[in-house]
Every structure is written in structure tokens, then in C-alpha cells.
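All remarks here apply to the structure that follows.
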Amino acid sequence: MAAESRDGALSLLRLLEDLPGERRLEEPLAPYTTFRIGGPAWVLFFPHTVEALAEAVQRARREDIPYRIIGGGAKVLFPDTGFPGLVIHTGWLRHIQEMENGIWVEPGFPISGLVKRGLWVLAGVPGSAGGAVVMNAGTRYGSISSYVISVQTLLPNGTVAMLPSQECRFSYRSSVFREKRLPVLGVGLRLPEEIRPVADLLAERQRTQPLDYPSAGCVFRNPEGISAGWLIDQAGLKGARVGDAKISEKHANFIVNLGQARATHVLSLIAEAQEAVYRSFGLSLSLELEVISS
Ligand code: EPU
């Protein structure tokens, strides 16, 4: 790492030194993402409390240091060159509390845990509760927004606020948290009354999606009423490969990492898929995956 980056990383470490949590200097991000891709962050910080998460965000904002928050590491592509700033990992923040009308979870609580507690519509979706809220994660059966009561966040002016669901500006795979890059500090959810076994839903996913390789799930949003996977498939791109990144033969909206894929390989395939679908159908595919620029 260049001397300048080293200095940046060390001063960032000092900025966070009094906060409860674990800090890792120049830590490769690939192991923390479902894609298994990404170079080192200057500092990867694992806050031990939600207050420390909020304070780290506040300090990064104040000092104008680039920062990102990750939970399950799904739906994100970090550059091979890494991230020159702070990455905050919510892995320690998994507390859950029963409420009268549902549950309250911290952002690192896994989606699979929500499914076990009854949120069957998200069966098979990887990631954490915080990420699910930011992305308004969902399946064809529904999205998390239908179950959100309120979300605690840190506003740009530094105050902690509780936003009721109607103020979260949920839309297809987006929310005010994604639009304005606001951190999710906790979420209140109501759980469906009907209990549904999820084995069939998981088997269906296994049958139609390439779950045996690292990936970030669907790369593109579906244009209104059409599957992006179907479009890429019809454009003849299944199996297209750059380096160790490949457009899945099982579901063309997935790019899989065959082992040593790099972010640049994935970006080439993204461009190829967009061009091919535009050529064949005149449609512009937009990204569901968050691509962090280098
Ligand atoms: N199809 C093809 N070729 C392909 C992929 C799909 O012909 O390569 C066809 C399928 O045969 C089917 C249709 O397209 O007739 C729809 O496919 P699918 O049922 O797989 O649904 P999708 O619209 O492609 C959406 C979500 C998935 C979610 C599934 C199931 C988006 C972008 N995708 O996929 O979400 O798992 O429904 O609920 O909204 C994700 O967000 O990461 C994700 C994978």
C-alpha cells in the first residue's frame, strides 16, 4: 500500500480508537462479500454497539472520509484496488427483542433468522436485516417493506430518528436509506400470522438459481413486467465469461465467481449484458447490484 494510503489508514484508525469494537487495518474485503471479490479497506470496523456504529458514521461524515456499511456483504461489488476509507461491518449487531406487535432487530441480524421467525417471503435471500431494509429486499412473494413498522436511522444533521414505514420511501429494491445513504440502526418488523414452511421455496430457488458459486444474487433490476434474466438469456449471453466471472447458465441475471474473478471481469460482463439487451430489445438494464467505484 502506498505511503499516502498508509497514513490515511492510520489516521482513520486513530479517529475510531475510543469506540467499542474491533478494527482491522488494510483488511481485504473479498471474504466479507457473497461475491468473494474486493481489495482491502483502509479500515474495517466491527462496532460492538449500535451507538458505536452511529458515532463512526458521524465521524466519517464530519471528516469527509468515504465510508460504506456492510452486513451480509450481499449485493455489493468493491473494486479490486480496495476501498480508500472506512468500511463498517454490522456482524456484531445481532440483538433481537420481542415487541408487542412484532420484533425489533439490530442491523446485523441475519435475514435467515427473520425467515425462521416467520418472514417466509424472504426465504433464501442472503444478507442482513439492515441491508434488506436499505435494498427493500424481496422475492416474487413480497418485499420486506410490507413488514416494516419503523426504522431507526442517523439523519445527515447527526440526530437519531425513528422513521415510520411511510417515511422510508420504499420502492422496488430501494428506500430513503439507499437514496440518501442513511445508516439503518435498527428495524421494527411485524411478522405474518400465517406460518408457512419454506422448504419448497428454498428448493425452487436451488432449482432455478446458481447457488453453488459465490455471486451477488441478481445483478440487474427487472424492467417493468419482464425478467432481466430472461432478456439476457434471449440475447444469447448465458455462459459468457471474462476471467473467472461468468454469466450463469442456470439464471442469466446472476454473474458467478468461478474462483478468482476480479471486479473488472464482472464489470466487463455487466457492460456486455447491457449492450446485448439494448441491441436486441432496446431496453436499458439498470443495476440492482451496488458497484462501488474505484
Ligand atoms: N428466465 C429465463 N432465463 C433465465 C432466467 C429466467 O428464461 O436465465 C425466465 C424463467 O424461466 C421465468 C422468468 O424468466 O419464466 C422469471 O424468472 P424467475 O422466476 O427466476 O424470476 P426473476 O424475475 O428472474 C426475481 C427476482 C429474484 C428472485 C426471483 C424469485 C429480481 C431482479 N429478481 O427473479 O431476486 O429470487 O424473482 O422470487 O427482482 C435478487 O434480488 O437477487 C434475486 C435473485
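The values are calculated or read from the model by the stated rules, or taken from the named source; none is laboratory data. Remember, it's a predicted structure, so these values are computed and weren't measured experimentally. Cβ: placed from backbone, ideal geometry, glycine included. Neighbour counts: every protein chain shown. Remember, those area values only see protein heavy atoms, side chains included, never the ligands or the DNA or RNA. Shrake-Rupley method; radii C 1.70, N 1.55, O 1.52, S 1.80 Å.
Of everything in the stretch 55-113 that is outside any strand (DSSP E or B), within 16 Å of the ligand (Cβ to nearest atom) and aliphatic (A, V, I, L, M), the residue that is farthest from the chain's Cα centre (by Cα) is Ile111. For the stretch 161-190, a tally of residues being in contact (Cβ under 8 Å) with a residue 12 or more places away in the chain and in contact with a Leu (Cβ under 6 Å, 6 or more places away or on another chain) returns 1. Checking the stated criteria, Ile232 turns out to be part of a helix (DSSP H, G or I), within 11 Å of the ligand (Cβ to nearest atom), of a type outside the set (Lys, Arg) and open to solvent by less than 20 Å² (accessible area, probe 1.4 Å). Within the group Ala199, Ala271, which residue is open to solvent by 60 Å² or more (accessible area, probe 1.4 Å) and away from the ligand (no atom under 14 Å from the Cβ)? Selected residue: Ala199, the only one of Ala199, Ala271 that is open to solvent by 60 Å² or more (accessible area, probe 1.4 Å) and away from the ligand (no atom under 14 Å from the Cβ). Would you say Arg205 is within 16 Å of the ligand (Cβ to nearest atom), touching a Leu at 6+ places or on another chain (Cβ under 9 Å) and of a type in the set (Lys, Arg)? Judged against the criteria, Arg205 is a match. Annotation: of all residues in the stretch 235-266 being more than 15 Å from the ligand (Cβ to nearest atom) and in a helix (DSSP H, G or I), the one that is surrounded by the fewest Cβ atoms within 10 Å (Cβ to Cβ) is Thr264. Among residues of the stretch 220-238 that are assigned by TED's automatic domain parsing to the domain that holds Ser284 and in contact (Cβ under 8 Å) with a residue 60 or more places away in the chain, those with a beta-carbon under 8 Å from a residue that is open to solvent by 30 Å² or more (accessible area, probe 1.4 Å) and near the ligand (Cβ under 9 Å from one of its atoms) at least six positions away or on a different chain give the pairs Arg221/Tyr172; Arg221/Arg173.
Conditions tested, residue by residue: (1) touching a helix residue (DSSP H, G or I) at 6+ places or on another chain (Cβ under 6 Å); (2) under 24 Å from Arg61 (Cβ atoms); (3) open to solvent by 40 Å² or more (accessible area, probe 1.4 Å).
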| position | (1), (2), (3) |
| --- | --- |
| Gly113 | no, no, no |
| Lys116 | no, no, yes |
| Ala123 | yes, no, no |
| Ala137 | yes, no, no |
| Tyr141 | yes, no, yes |
| Leu154 | yes, yes, no |
| Arg181 | no, yes, yes |
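When Arg181 is tested against (1) over 20 Å from the mean Cα position of the chain (by Cα); (2) more than 16 Å from the ligand (Cβ to nearest atom); (3) modelled with pLDDT of 95 or more, just one condition goes unmet, and that condition is (1).
Just one of the listed residues (Val133, Val76, Val115) is modelled with pLDDT of 95 or more, β-branched (Val, Ile, Thr) and in contact with a Leu (Cβ under 6 Å, 6 or more places away or on another chain), namely Val115.
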